[in-house]
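The values are calculated or read from the model by the stated rules, or taken from the named source; none is laboratory data. Values in this document were obtained by computation on a predicted structure and should not be read as measured data. Every residue, glycine as well, gets a Cβ built from its backbone with ideal geometry; the counts of neighbours run over all protein chains shown. Ligands, DNA and RNA are excluded from the accessible area calculation, which covers all protein heavy atoms including side chains. Shrake-Rupley method; radii C 1.70, N 1.55, O 1.52, S 1.80 Å.
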Amino acid sequence: MRLEKRNRKSDVRNLNTSLETLVGIGSVEGEIIEDETTGKKTVEIPKYQLAELWYEGTIG
């Protein structure tokens, strides 16, 4: 994902890792789900929160 706004550029390359950290420390509302067969973790957060984190500059 990329965002260019007012001479600022944001570039997020691994959103899942970024969100996993924020959810893990409790600063973002969400859930970390681990696939039992592969061990792969997926982060689920409310859609509105993703937009807020992006425009606040937390994830970009």
Discussion item. I'm trying to understand the selection: among the residues of the range 35-60, which are surrounded by 10 or more Cβ atoms within 10 Å (Cβ to Cβ) and not in a loop (DSSP other than H, G, I, E, B)?
Written reply: Lys41, Thr42, Val43, Glu44, Gln49, Leu50, Ala51, Glu52, Leu53, Trp54, Tyr55
Worksheet item: So which pairs qualify, if the first residue must be in the range 38-60 and in contact (Cβ under 8 Å) with a residue 40 or more places away in the chain and within 17 Å of Thr17 (Cβ to Cβ), the second must be open to solvent by 40 Å² or more (accessible area, probe 1.4 Å) and polar (S, T, N, Q), the Cβ gap must be under 8 Å, and the two must be at least 6 apart or on different chains?
Response: Ile59/Ser18
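Which is among the β-branched types (Val, Ile, Thr) and at pLDDT below 85, of Thr42, Thr37, Thr17?
Thr17 is the lone residue from the list that is among the β-branched types (Val, Ile, Thr) and at pLDDT below 85.
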Fill in: Residue list for the range 14-34, filter: open to solvent by less than 70 Å² (accessible area, probe 1.4 Å) and either in a helix (DSSP H, G or I) or in contact with a Cys (Cβ under 9 Å, 6 or more places away or on another chain) (or both)
Leu15, Asn16, Ser18, Leu19, Glu20, Leu22, Val23, Gly24
